Amino acid sequence: MNSTFINELKKPSHSVTEAFKSLRTNFLFCGDEYKTILITSCVKHEGKSTISIELAKSLAIADKKVLLIDADLRKSMYANFYTTNEKEVYGLSEYLSGQEAYEKVLYSTQFEKLDLIFAGAVPPNPVELVSSKKFEELIRDAREKYDYVIIDAAPLGAVIDAAAIGAFCDGAIMVIAANEIHCRLAQDVKYQLEKSNCKVLGAILNRVPIKSGSYYSSYYRKYYGRKYGSYGYGQMGDYGYYGEPKKK
């Protein structure tokens, strides 16, 4: 197995840390049967890769064995999130096309319980690769070895890849940027996931602006003893988790 280092967020605020803990808690309440989870968005730049990585890290810190798969074979953003001494980084596209063995594309991280598979080189046939029997077998085998498998897929509002992957997964989470995505587009993405027999577990509303003077702004200022201004950081901005926990 190779090794890599996942770069930490730059000075994450306390509210960001608590937000990811809240996301992890809501996710765990979905139930033990949801082990292979697809994360997608409607369009690019909604923050799905950041959220995929942070959710995977949060689960690993909570002593869950996690495999994070970057399955966005068209335009991966993971080069912004990791550091490695490897001369060449092989990934999912090389494995699915038969160019590299599983051991060559699997990377350990500085988090003992978190392993990672990068997207690899951009292939000419991404949807054929992610809908292949070999990818289905990879997810099925990983389901037996890991507590959770988090799969970061291309935006479903742009290409069909995520729906193909969803057919192999227990459930899906949608990342939606506030005030940027029309409700009809979000509904279409949800419909595509359900059409592939992938249960939508919930949605993460990203980049939610919290205005000064609002209830939540006042609450966080009072609770944490300082004025945070906005709930989040950088491109990720603010987010909350919306999804019903599994009913007992």
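Of the accessible area of region 7-161, with the probe set at 1.4 angstrom, what percent is carbon plus sulfur? Walk me through the intermediate numbers first.
Numbers: 3360 of 6910 Å².
After summing per-atom areas, the C and S share lands at 49 percent.
Would you please report the Å³ per residue occupied by the convex hull of the alpha carbon atoms in region 1-100?
Numbers: hull volume 14.4 nm³, N = 100.
Once divided by residue count, the hull of region 1-100 is 144 Å³.
Val208 accessible area, nearest 10 Å², 1.4 Å probe?
Approximately 40 Å² for this residue.
Are there GluC sites (Glu not before Pro) in region 1-96 that DSSP puts in a loop and that have at most 14 other Cβ atoms within 10 Å, and which ones? Numbers along the way, then the final one.
Numbers: sites: Glu8, Glu18, Glu33, Glu46, Glu54, Glu86, Glu88, Glu94; in loops: Glu8, Glu33, Glu46, Glu86, Glu88.
Here the GluC sites (Glu not before Pro) that fit, given the DSSP loop and packing criteria, are Glu8, Glu33, Glu86, Glu88.
Within straight cross-link reach of Lys44, meaning Cα distance under 20 Å, which aspartates and glutamates are found once same-chain residues fewer than 8 apart are removed?
The reachable aspartates and glutamates, counting only those whose Cα sits under 20 Å from Lys44, are Glu54, Asp70, Asp72, Asp152, Asp161, Glu180, Asp188, Asp238.
Within region 96-151, list the GluC sites (Glu not before Pro) lying in a DSSP loop whose Cβ has at most 14 other Cβ atoms in a 10 Å radius. Mind showing how you got there, number by number?
Numbers: sites: Glu100, Glu103, Glu112, Glu128, Glu136, Glu137, Glu144; in loops: Glu100, Glu112.
Answer in residue order: Glu112.
For Ser3, what residues show an amide H to amide H distance below 5 Å, using hydrogens built from the backbone and excluding near sequence neighbours?
Ser108
What does the C-alpha gyration tensor say about the overall shape of region 75-214? Classify as rounded when a/c is under 1.5, otherwise prolate if a/b is larger than b/c, or oblate.
Working: a/c = 1.86, a/b = 1.41, b/c = 1.32.
Here region 75-214 falls in the prolate category.
Among the listed pairs Lys57/Lys190; Lys65/Lys190; Lys65/Lys195; Lys57/Lys113, which are separated by more than 20 Å between their Cα atoms?
Values: Lys57/Lys190 26 Å; Lys65/Lys190 28 Å; Lys65/Lys195 30 Å; Lys57/Lys113 9 Å.
From the list (Lys57/Lys190; Lys65/Lys190; Lys65/Lys195; Lys57/Lys113), the Cα-Cα distance tops 20 Å for Lys57/Lys190; Lys65/Lys190; Lys65/Lys195.
Might you work out the accessible area of Lys199 for me, using a 1.4 Å probe with all protein chains in place, and round it to the nearest 10 Å²?
Around 110 Å² of this residue is reachable by solvent.
The values are calculated or read from the model by the stated rules, or taken from the named source; none is laboratory data. Please read all numbers here as calculations on a predicted model, not as lab measurements. Cβ coordinates were reconstructed from backbone atoms using ideal geometry, including for glycine residues, and neighbour counts include every protein chain displayed. These area figures cover heavy atoms from the full protein model, side chains too; ligands, DNA and RNA do not enter into them. Shrake-Rupley method; radii C 1.70, N 1.55, O 1.52, S 1.80 Å.
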